[in-house]
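Quick notes on the structure that follows.
The values are calculated or read from the model by the stated rules, or taken from the named source; none is laboratory data. The structure displayed is predicted, hence computed values, not measured ones. Glycine also receives a Cβ, built like all others from the backbone with ideal geometry; neighbour counts cover every protein chain displayed. Each accessible area value is taken on the protein alone, full model and side chains, heavy atoms only, with ligands, DNA and RNA left out. Shrake-Rupley method; radii C 1.70, N 1.55, O 1.52, S 1.80 Å.
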Amino acid sequence: MAEHPHAALVRRGYEAFSRQDMDTMRELLAGDATHHVPGNNPLSGDFKGQDAILEVYRRLAEETDGTFRVELRHLSVDGRGHVISHHRMTGERGGKSLDVMGGIVFRIVGDKITDLDECVEDLDVLDEFWS
């Protein structure tokens, strides 16, 4: 069975993110896309537009000296423009280690990602790592 086009789009995004291929990420994101990052830390908030989103992705790599990784575990689709991802995030920063499960609810219009609502298993772990 072929993968649903929305799942394939999100999978392509995870692969591009892992390669730090921001040109491909820019192709996948709508110009006015928003990424909602949970928590209460310097990297949380609502990032609107491709430039703001890609800047936070750049900072993830910079703040962790390139150790930040996201391992995609599973994708679920509804066929109406929503994809839910489940992933594991790991990284090293300032003597601290991150290893937490999370996911993103993607909203897709046409062939572009318009909204990313990120969730994590443990907000305190995420905040401690990035603070």
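Among (i) 43, 29, 24; (ii) 52, 35, 21; (iii) 96, 54, 34, which is the computed Cα extents along the principal axes in Å? Correct label is (i). Ligands, DNA and RNA are left out, and with a 1.4 angstrom probe the accessible area of the chain is 53 Å² per residue. Spacing of the modelled spin labels on T67 and R19, each 7 Å from Cα toward Cβ, amounts to 2.6 nm. Model label points for H82 and T114, set 7 angstrom from Cα along the Cα-to-Cβ axis, are 1.4 nm apart. Working note: 222 nm ellipticity from helices only, DSSP H runs with n ≥ 4, each -39,500 (n - 2.57), summed and divided by the residues of the chain, gives -10000 deg cm²/dmol to the nearest 500.
What is the gain in length, in nm to one decimal, between D46 and H74 on full extension, counting 0.36 nm per residue of separation less the C-alpha to C-alpha distance? Contour length minus the Cα-Cα distance gives 7.7 nm.
In the assembled protein chains, D23 presents an accessible area of approximately 120 Å² (probe radius 1.4 Å). Centroid-to-centroid, using Cα positions, the stretch 84-107 and the stretch 31-58 are 15 Å apart.
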